[in-house]
Amino acid sequence: MTYAVNPDSTMSRAAKWIGWTVIALVLLIPAVVVLVDANHFRGTLSRLVTEKTGRELAIKGDLQWHLDWPRIRLHAVDVTFANPAWAQEKLMIDAPGAFVSVDLPRLFAGTVFLAEVELERAAVFFEVAADGRKNWLLDREQRDEGARAAVGRLQLREGRVHYDDPTAGTSIVAEISTPATRPGTRRENDPGIAFDATGKYLGLPLSAKGTGGTLLGMRDESIPFPLTVAATVGPTSLHLQGTVADVLQKRVLDATFALRGASLAELFDVLDLPLPETRAYTISGHLTHDGIEWRYQKFTGRIGRSDVAGSLAFTEGPARPLAKGEMMFSTLDLADLGPVVGKNAAGESASLRGRKAPEPKGGSATRTLPARPFNRDRWTDVDADVQLKAQTILRPQALPLERLTTRLRMRESVLTLDPLDFGAAGGSLTGSITLDGQQEPIRAHAKLAVRKLLLAKLLPTVPGTEKSVGHVNGEIELVGQGDSVARMLGTADGKVGLVVDGGRVSKRLLEQMALHIPEILLQQIAGDELVDIRCGIADFVVEDGVMQARTLVLDTDVVKVSGTGSTDLAKETLNLTLVPRPKKPSLFALRGAITVHGQLGAPEVSVDTSRTAARGLAALALAAINPALALLPLADSGSGKDSDCVALTRQTQAPWRSTAVTQKPQKRTPG
């Protein structure tokens, strides 16, 4: 005889069986909780945890429980949980009292989830071993990141928390206190905790105080934990006020965040942000973190004497984080850029948290060009794409820079400023600068177009130029190598070509250069006037850091000034000679060459006194014979000839064909 099996009937019976089982458990659990003393299960509970983790859980005092469906709440007295054998402390947790809330539906599904944990006057020790093991991981080897206690909310009252990671140089002790409330209860208006922490963070001394809500270590990001912290880490002070959630996983943060310190570079050790060295700063903004991206938005502050504002975002990338955003300076003090490009500000130390920065060869006291090495070891730590703008530039009077706009990008240790736009002397310097940190030493390439610089603003400290009319245009292209600006320029090849095509310049200034005594007196009496400029050419070829003048001329209707010589960027010295030649006859001219020599930062200008003295002695000798003859040595026939301005301008504008630096032999090291 055969029997047909109805699948639907079988499934129906199974569903009914499961349903009755659940009902039986629901009815049984309250009965067990009411009728059975929880202390009967102390040994069983301790044994299960010890077998699972290899570390002893001891409940030395009373154990109580009560049902609060869908959870069962346990209260244990005198609870300890051991550390693994490698830890410095014997116990990880030592609590006179502990309240634990277990989620029953998850327990029936095979998962132990502690919805709430509250520890009274507990001492908690967190520790990281030298080999990376962490004592809060509950597998027997303490290596499985998934073997964590599944805790929804952790509340600590009147306790102490230790965190120790000797490999990272971090050891922190935090004392936690809370207002007096009845243990095991929650109050909506509970003012929460206060904490006071001391120790070391990444090798830096740490001191912190703050307050927070009643819940710590929350996994539910929908329940924010209020937090206020004031701390100092080494030389950096910080203040944070806002909320944090899901601390163990995403670390969701939404807070105002203020920083103050001696240099932004110090944040590399504090926050792992590879920022450049700067002057002292103070900055405040809105800091958020969604588990993937950090955002510092609408920040404002000062760096040195510069006002800064903007927004930055830091996103984890496949190889390194990416910093993206914008920084705007309403006022940028050019001296504040000194540490960025490798130059110390006056009176400031090159040290960072007591570590002395590398000193350039030959010292830095007499250098004009920035000589401190770039810290390119940190270029590999981050990529960047940041817009930089400065509306007004504070700078020395002799340097006519007015504004700055550029896009700074760092990718795989290659830093570019492109496009780069400096407002200067009413015109602009535009182009790009590339520093290739993948090369050893750094390879630099700068290409700039000079457009419409106003003569009247170009030399603001030179008397007689303020009324000049005309534009300066040209091209600058340099390639060099080195780990500082000074070394890059000291090994540079390229060209510098500047042209003034037309315009007008002070006649008094020109007569003073030519030492035309009567004309100078006449200009003093009658007043200065402007004369036409036929052309002005400054054409330098640069080889191995030496700028050799190929053409140096200022040709006007009155005087033609020709120049020769060079500038050694490695030694930072000048050696230029300017020879004025009048185009009109003069009866009394102490004509002499003008030399510009000495250090780049403090050049000396002088007249060739030997030639001038010889003309004067000749005039005295002839005057002894006949006073009328005395004018002969002092007379000037006006031998200055017009320059071929078209040809010279064309030569200056010819492009420089560079030879790749990598194909050149190793150059000298400027010292």
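The values are calculated or read from the model by the stated rules, or taken from the named source; none is laboratory data. Please read all numbers here as calculations on a predicted model, not as lab measurements. Glycine gets a Cβ as well: all are built from the backbone with ideal geometry, and neighbour counts include every protein chain shown.
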>> If Ala230 satisfies all but one of (1) touching a helix residue (DSSP H, G or I) at 6+ places or on another chain (Cβ under 8 Å); (2) free of Cβ contacts under 8 Å to residues at least 40 places away in the same chain; (3) of a type in the set (A, V, I, L, M, F, W, C), what's the number of the condition it fails?
In response: (1)
> Thr278 fails exactly one of the following numbered conditions: (1) assigned to a strand (DSSP E or B); (2) under 24 Å from Leu404 (Cβ atoms); (3) among the β-branched types (Val, Ile, Thr). What is the number of that condition?
Replying inline: (1)
>> Testing Ala549 on (1) modelled with pLDDT under 50; (2) of a type in the set (Gly, Ala, Ser); (3) under 48 Å from the mean Cα position of the chain (by Cα), one condition comes back false. Which one is that?
In response: (1)
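Table: residues versus (1) surrounded by fewer than 16 Cβ atoms within 10 Å (Cβ to Cβ); (2) within 25 Å of Phe268 (Cα to Cα); (3) at pLDDT 80 or above; (4) not hydroxyl-bearing (Ser, Thr, Tyr).
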{"site": "Ser364", "(1), (2), (3), (4)": "no, no, no, no"}
{"site": "Leu369", "(1), (2), (3), (4)": "no, no, yes, yes"}
{"site": "Phe374", "(1), (2), (3), (4)": "no, yes, yes, yes"}
{"site": "Asp381", "(1), (2), (3), (4)": "yes, yes, yes, yes"}
{"site": "Ala384", "(1), (2), (3), (4)": "no, yes, yes, yes"}
{"site": "Gln397", "(1), (2), (3), (4)": "yes, no, no, yes"}
{"site": "Leu404", "(1), (2), (3), (4)": "no, no, yes, yes"}
>> I'd like the residue in the range 120-138 that is of a type in the set (Asp, Glu) and at pLDDT 90 or above and, out of all such residues, is surrounded by the fewest Cβ atoms within 10 Å (Cβ to Cβ).
In response: Asp131
> In the range 52-78, what residues are part of a loop (DSSP other than H, G, I, E, B) and more than 25 Å from Asn135 (Cα to Cα)?
Replying inline: Asp62, Trp69, Pro70
> Is there any pair with a first residue in the range 314-330 that is on the phi > 0 side of the Ramachandran plot and a second that is in a strand (DSSP E or B) and not aromatic (Phe, Trp, Tyr) whose Cβ atoms are under 7 Å apart and which are 6 or more apart or on different chains, and what are they?
Replying inline: Gly325/Gly310; Gly325/Ser311; Gly325/Leu312; Gly325/Ala313; Gly325/Val386
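Residues checked against (1) of a type outside the set (A, V, I, L, M); (2) in contact with a strand residue (DSSP E or B) (Cβ under 9 Å, 6 or more places away or on another chain); (3) at pLDDT below 90:
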| position | (1), (2), (3) |
| --- | --- |
| Thr178 | yes, yes, yes |
| Arg182 | yes, no, yes |
| Asn189 | yes, no, yes |
| Asp196 | yes, yes, no |
| Met218 | no, yes, yes |
| Glu221 | yes, yes, yes |
| Pro226 | yes, yes, yes |
> Looking at the range 139-163, which of its residues are small (Gly, Ala, Ser) and either more than 23 Å from Arg71 (Cα to Cα) or surrounded by 17 or more Cβ atoms within 10 Å (Cβ to Cβ) (or both)?
Replying inline: Gly146, Gly152, Gly159
> In this structure, is Arg487 surrounded by 20 or more Cβ atoms within 10 Å (Cβ to Cβ), outside any loop (DSSP other than H, G, I, E, B) and among the basic types (Lys, Arg)?
Replying inline: yes
> Within the range 297-304, is even one residue of a type in the set (S, T, N, Q) and crowded, with 18+ Cβ neighbours inside 10 Å?
Replying inline: no
>> Can you report the number of residues in the range 273-295 which are in contact (Cβ under 8 Å) with a residue 24 or more places away in the chain and either more than 16 Å from the chain's Cα centre (by Cα) or under 23 Å from Gly317 (Cβ atoms) (or both)?
In response: 11
>> Which of the strands (runs of 3 or more DSSP E) found entirely inside the range 378-481 contain at least 2 residues meeting this: under 18 Å from the mean Cα position of the chain (by Cα)?
In response: 383-390, 401-411, 414-424, 427-436
> Do you know which of the residues in the range 63-118 that are at pLDDT below 85 and within 20 Å of Gln142 (Cβ to Cβ) is surrounded by the fewest Cβ atoms within 10 Å (Cβ to Cβ)?
Replying inline: Val112
